[in-house]
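S.K.: Pasting a structure here, questions to come.
The values are calculated or read from the model by the stated rules, or taken from the named source; none is laboratory data. Computed from a predicted structure; not experimentally measured. Positions of Cβ are backbone-derived with ideal geometry, glycine not excepted, and every protein chain shown enters the neighbour counts.
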Amino acid sequence: MQPTPNRPASSHREPKRTSFSRTHPGYPACFQNEQNIPRFKKLGYHSLEEDSEECFTSNVAPPYRDVITPPYYTLDWISPPHSVSNGDSDASHPRAPDDESEQLPCTSSSDAAISNMSLYFSGRPTIFPAEDFDPAKDAAEICKAMKGSDIDSRSIISVLSKRSNEQRVAISEKYVELNKKEIERSLTKSGYGNFEVLVVLSLESLQDTIAFSLNEYVKGLDTDENILIQGIVPYPNSFMREVVKSYRKQFNADVIIDLFRHKRGDFRTILMALLQGIRDENESTDMKEMWEDADVLYKASAIPLSPNAEIFTRILTQRSFLQIKQIAQYYQEKYGISLQQCINNGKFGGYNDTLIALIRYATDKDDLLAEWFHRSIQETATDDWALMQLTLGRSEIDLQDVKDAYSRKYGKPLTKAIAGATSGEYKRFLMAVIGCQ
């Protein structure tokens, strides 16, 4: 029997663990159907009872602000979802944003897009799109590696670790076209472990991964809140919209409505706010607003009870990261206490962790990401899902910067730390993505 991957111990509480059922005798049942179940579920990232359960759906109609009432806050500052207006669409669900009309301001290729805000969503990656990319050729090479009784894992790693996520998705689609089956079905003939899971995750977008984790959380399964925090906090508005669209595509439901209906508390509320993707992403800052926000946060922290949590949620999910950084600096100078300490004196749990993560990402994103990596590879336990999500998610953004920050913070290379916490082809694939091989 294969050991179940463990999650790391948090500094202040024991985190929840993701359910792994791949060692159960009934596990192969989840391979027998279906286009709608995410690939991660096919590799065992679900409870056994979910094998025969239909995708979770919701039938609550928008707008959100009409149904969110105290004590869970009337969030008038959160914009309602786009209602479906034409008769050809399903009016029971919100309409996904139009890509053309809701582009992220700093994702343009023009020189004007290179701004202070872009520093939060870019950096030095370890993976770049391959030139002269041919998905058919790569799919054929992977198909060749799958033949026989043993899988040529090194050939698979050689291909996938040198392709961008978009290119890997194209390879996966071409593989299905050529072989009439998905890659994971061939992978599992020699067993299934962390290497196989990492391969499957590398073939999916991070948005799909986060949407899957959100659905697990909504359904009340053992989902670590840190997985959601790490998958949502460090990404721009455009990413949030893609997560919402992916959730709708996978589960035929609106994630924000599902969160409202089936979860409670401040963590639920801040997830809803972040997923709306309403953060200011302009490069400029407003000094007057910064002073006012710092004073409002100080007054709200005097009584760390609802509805003051709404004030923290509103400011930290709406203001730009550059603005939040200046708010934190001014707060420290004026009141002699850091904004993080102020939050730690109040609420605890997932909501508190999200607020801290937002502030720390604004003040030093690479240091925060390095700490997240460190948590995932603690000596007592390795949180493999978090490690995979972080490695794949940051590889095309700023993983080289995170590696440097890790060395400064912990006195040893990130590659050495990960190598000591992993083994086999799983380790080899991680090292290739990180840029060690």
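S.K.: Of the conditions (1) polar (S, T, N, Q); (2) within 28 Å of Leu187 (Cβ to Cβ); (3) surrounded by fewer than 20 Cβ atoms within 10 Å (Cβ to Cβ), Ser407 satisfies every one except a single condition; which number is it?
M.R.: (2)
S.K.: I'm told Lys181 meets every condition in (1) outside any helix (DSSP H, G or I); (2) touching a Ser or Thr at 6+ places or on another chain (Cβ under 8 Å); (3) surrounded by fewer than 19 Cβ atoms within 10 Å (Cβ to Cβ) except one. Can you identify the failing condition by its number?
M.R.: That leaves (2) as the condition not met.
S.K.: What about Lys409, is it in contact with a His (Cβ under 8 Å, 6 or more places away or on another chain) and not aliphatic (A, V, I, L, M)? Don't jump to the end; show me each part of the working.
M.R.: On the way: in contact with a His (Cβ under 8 Å, 6 or more places away or on another chain): yes; not aliphatic (A, V, I, L, M): yes.
Taking the combined requirement at face value, the residue satisfies it.
S.K.: Just a yes or no: is a residue in the stretch 341-355 under 22 Å from Ile270 (Cβ atoms), surrounded by fewer than 16 Cβ atoms within 10 Å (Cβ to Cβ) and of a type in the set (Phe, Trp, Tyr)? Let's see the steps before the verdict.
M.R.: Going residue by residue through the stretch 341-355, those that are under 22 Å from Ile270 (Cβ atoms) are 341-355.
In the following step, the residues that additionally are surrounded by fewer than 16 Cβ atoms within 10 Å (Cβ to Cβ) were identified as 341, 344-345, 348-349.
Going one step further and asking which of them are of a type in the set (Phe, Trp, Tyr), we end up with 348.
Scanning the stretch 341-355, I find at least one residue that is under 22 Å from Ile270 (Cβ atoms), surrounded by fewer than 16 Cβ atoms within 10 Å (Cβ to Cβ) and of a type in the set (Phe, Trp, Tyr), so the answer is yes.
S.K.: Let me ask something else about it. Is it true that some residue in the stretch 365-376 is within 22 Å of the chain's Cα centre (by Cα), at pLDDT below 95 and of a type in the set (A, V, I, L, M, F, W, C)?
M.R.: No, every residue in the stretch 365-376 fails to be within 22 Å of the chain's Cα centre (by Cα), at pLDDT below 95 and of a type in the set (A, V, I, L, M, F, W, C).
S.K.: Next question. Under 8 Å by Cβ, and 6 or more places apart or on different chains, what pairs join a residue from the stretch 165-179 that is under 12 Å from Glu141 (Cα atoms) with one that is outside any helix (DSSP H, G or I) and among the basic types (Lys, Arg)?
M.R.: Ile171/Arg163
S.K.: Out of all the residues in the stretch 282-303, which are assigned to a loop (DSSP other than H, G, I, E, B), more than 28 Å from the chain's Cα centre (by Cα) and either modelled with pLDDT under 85 or over 13 Å from Lys325 (Cα atoms) (or both)?
M.R.: Of all residues in the stretch 282-303, those assigned to a loop (DSSP other than H, G, I, E, B) come to 282-286, 302-303.
Checking the rest, the ones that are also more than 28 Å from the chain's Cα centre (by Cα) come to 286, 302-303.
Once the filter is applied, which keeps residues that are assigned to a loop (DSSP other than H, G, I, E, B), more than 28 Å from the chain's Cα centre (by Cα) and either modelled with pLDDT under 85 or over 13 Å from Lys325 (Cα atoms) (or both), the stretch 282-303 yields Ala302, Ile303.
S.K.: Hey, another quick one. In the stretch 245-276, how many residues are touching a residue at least 60 places away in the same chain (Cβ under 8 Å) and either in a loop (DSSP other than H, G, I, E, B) or small (Gly, Ala, Ser) (or both)?
M.R.: Of the residues in the stretch 245-276, 7 are touching a residue at least 60 places away in the same chain (Cβ under 8 Å) and either in a loop (DSSP other than H, G, I, E, B) or small (Gly, Ala, Ser) (or both).
S.K.: For the stretch 304-313, how many residues are surrounded by fewer than 22 Cβ atoms within 10 Å (Cβ to Cβ) and modelled with pLDDT of 90 or more?
M.R.: The number of residues fulfilling the criteria is 1.
S.K.: Given the conditions (1) in a helix (DSSP H, G or I); (2) over 9 Å from the mean Cα position of the chain (by Cα), report the number of the one that Gln207 does not fulfil.
M.R.: (2)
S.K.: Checking the structure you have, find out if any residue of the stretch 224-244 is part of a helix (DSSP H, G or I), at pLDDT below 95, touching a strand residue (DSSP E or B) at 6+ places or on another chain (Cβ under 9 Å) and of a type outside the set (A, V, I, L, M).
M.R.: Checking the stretch 224-244: at least one residue is part of a helix (DSSP H, G or I), at pLDDT below 95, touching a strand residue (DSSP E or B) at 6+ places or on another chain (Cβ under 9 Å) and of a type outside the set (A, V, I, L, M).
Rundown of residues vs (1) assigned to a helix (DSSP H, G or I); (2) buried (at least 17 other Cβ atoms within 10 Å of the Cβ); (3) within 27 Å of the chain's Cα centre (by Cα), yes/no style:
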site	(1), (2), (3)
Asp132	no, no, no
Ile151	no, yes, no
Ile157	yes, yes, yes
Arg163	no, yes, yes
Gln167	yes, yes, yes
Ile171	yes, yes, yes
Glu177	yes, no, no
Leu187	yes, yes, yes
Val199	yes, yes, yes
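S.K.: In addition: If only one of Ser238, Ser213 is without any contact (Cβ under 8 Å) to a residue 40 or more places away in the chain, out of contact with any His (no Cβ under 9 Å at 6 or more places or on another chain) and among the small types (Gly, Ala, Ser), which one is it? Reasoning before the result, please.
M.R.: Values: Ser238 fails: without any contact (Cβ under 8 Å) to a residue 40 or more places away in the chain.
Unique residue meeting the criteria: Ser213.
S.K.: Please work out which one of (1) assigned to a loop (DSSP other than H, G, I, E, B); (2) surrounded by 20 or more Cβ atoms within 10 Å (Cβ to Cβ) is the condition Leu358 fails and give its number.
M.R.: Of (1) assigned to a loop (DSSP other than H, G, I, E, B); (2) surrounded by 20 or more Cβ atoms within 10 Å (Cβ to Cβ), only one is false for Leu358: (1).
S.K.: Taking the stretch 247-281 as the region of interest, how many residues are out of contact with any helix residue (DSSP H, G or I) (no Cβ under 9 Å at 6 or more places or on another chain) and within 19 Å of Phe321 (Cα to Cα)?
M.R.: Residues of the stretch 247-281 that are out of contact with any helix residue (DSSP H, G or I) (no Cβ under 9 Å at 6 or more places or on another chain), as a first pass: 252, 264.
Still in the running and within 19 Å of Phe321 (Cα to Cα): none.
Qualifying residue count for the region: 0.
S.K.: Any residue that is out of contact with any Gly (no Cβ under 6 Å at 6 or more places or on another chain), without any contact (Cβ under 8 Å) to a residue 12 or more places away in the chain, more than 29 Å from Gly349 (Cβ to Cβ) and not aliphatic (A, V, I, L, M) - is there at least one of those in the stretch 181-189?
M.R.: For the stretch 181-189, residues out of contact with any Gly (no Cβ under 6 Å at 6 or more places or on another chain), without any contact (Cβ under 8 Å) to a residue 12 or more places away in the chain, more than 29 Å from Gly349 (Cβ to Cβ) and not aliphatic (A, V, I, L, M): present.
S.K.: If the Cβ limit is 8 Å and pairs must be 6+ apart or interchain, which residue in the stretch 385-407 that is outside the structural domain of Leu160 (by the TED database) pairs with which residue that is among the acidic types (Asp, Glu) and modelled with pLDDT under 95?
M.R.: These pairs meet every condition: Trp385/Asp224; Ala386/Asp224.
S.K.: Okay, next question. Name the residue, out of Lys427, Lys403, that is over 28 Å from Tyr120 (Cβ atoms), at pLDDT 95 or above and not in a loop (DSSP other than H, G, I, E, B).
M.R.: On the way: Lys403 fails: over 28 Å from Tyr120 (Cβ atoms).
Just a single option satisfies the conditions, and that option is Lys427.
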